[in-house]
Amino acid sequence: MGNSESILEGTPLLTSRSWVIWRTLQLTVWLVGLGIFLALVFAPTIGIHAFWNVLIPVAPALFAIATGFWRNVCPLGSTALLTRHMGWFTRRELSVTWQARLELMGVALLLLIVPLRHVILDLNGPATAITLATIILLAVIVCTRFEWKSAWCSGLCPIYPVEKLYGSEPVASFTNAHCHRCVACVTPCPDSQPSVSPLVQDQIRLRRLGGTLMVGGFVGYIWGWFHVQDYVANEGYKHLIEAYAWPLSAMMVTLTAYLLIERLIPDRHHMRLNRVFAAAAISCYYWYRLPALFGFALFPGDGVLVDCRDVLSSWFPVALRIFTTIFFFWWLVIRASASRTWLTRPPAAATGTMVCTQ
């Protein structure tokens, strides 16, 4: 912790031009999100393809390459924070302990929601829309109750743990389009922490628990998830146990392996180990997901955007897998660290405001 004036001296405010650019981008992405939401309700086939087979497959790469850009334009975040921009809020601070609790709840939400894709969400547009509406309502409620990004964008949001896992090496630091003035709502602030990671300099037990689950277990969770097929919507709940058993069991296997390796190697190599597991997780996702988009799924018909099996060589999915695996290991593990932040920290809200420097 340190005095905001010494830390933030000379830090520029969001300029008028930047304000227009970011608000335009936010509105554009928000309208696209609204269109997908309405399609899920009124044109489910189109909505399912747009959400599950276009938006979601792009998201992990965006988290890894340009986390700050996503944090600025995320339509859910923009919706939730609109109440703050409009002044409809209660300025209630979260303690560090409650911040950690919310982050762990966010991990739990992620692990709870994803298997439901096989049971109903991947095949049922209205069900996906209802799930999204529930999450949006929850986001808006907590953002009206607590300071800025503390309760949702850097707390309860189930996407936030994935952002932290993949976002250690962003390509650039972007202007913070939501926080014009820093109110130190999160300690430490993930948006302005260099080389953010679920386990960087964090001794809070609950936060370390959530971070360890994500770093060590998420690669197994992803692998297990892809070994469950999409079930017919009205029969999905008959396979609920299987939908959860595969990813959670595989998660325990890789988590155990991670903890054993962590104990065997020197502390100075722990950060590299974390990045290896993060790279393995995102590579595992694209190992299965990209070929599936073109019809080369583990289970025929699951997650297909355009079936190209009749026109593409059998080497096509192999090439995709090799390319994405090499790229993400290079991006997260091999290339030189630039120690960039997701976003630039804005000036403090008032003289004397304390801002975390870590």
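Coordinate-derived values only; no laboratory data. The shown structure was predicted, so the numbers you read here are calculated from the model rather than taken from an experiment. Glycine gets a Cβ as well: all are built from the backbone with ideal geometry, and neighbour counts include every protein chain shown.
Exposure proxy ranking for His180, His49, based on other Cβ atoms within 10 angstrom of each Cβ and starting from the fewest, stands as His180, His49.
Normalised by 2.2 N^0.38 Å, where N counts its residues, the alpha-carbon radius of gyration of the range 156-306 equals 1.21.
Across the range 143-283, the relative contact order, built from alpha-carbon pairs under 8 Å that are at least six residues apart, equals 24 percent. In whole angstrom, the range 45-157 maps to an equivalent ellipsoid with semi-axes of 26, 15, 15, each derived as √(5λ) from the alpha carbon gyration tensor and ordered largest first.
When the inverse distances between all different Cα atoms of the range 172-235 are averaged and flipped, the Kirkwood radius reads 15.2 angstrom.
Based on DSSP H runs of at least 4 residues, each adding -39500 (n - 2.57), what is the mean residue ellipticity at 222 nm of the chain after dividing by all its residues, to the nearest 500 deg cm²/dmol?
On the way: 14 runs with 202 residues, N = 358.
Helices in the chain give a 222 nm mean residue ellipticity of -18500 deg cm²/dmol.
Based on the alpha carbons, how large is the Rg to Rh ratio for the chain when Rh follows Kirkwood? It would help to have the intermediate numbers written out before the result.
Values: Rg = 20.4 Å, Rh = 21.2 Å.
Radius of gyration over Kirkwood radius for the chain works out to 0.96.
Dividing the Cα radius of gyration of the range 130-222 by 2.2 N^0.38 Å, with N the residue count, gives 1.14. Counting charges near Leu320 (Lys, Arg +1; Asp, Glu -1) among other residues having Cβ under 14 Å from its Cβ returns a value of +3. Mean projected area of the convex hull spanned by the Cα atoms of the range 228-358, taken over all viewing directions: 13.8 nm².
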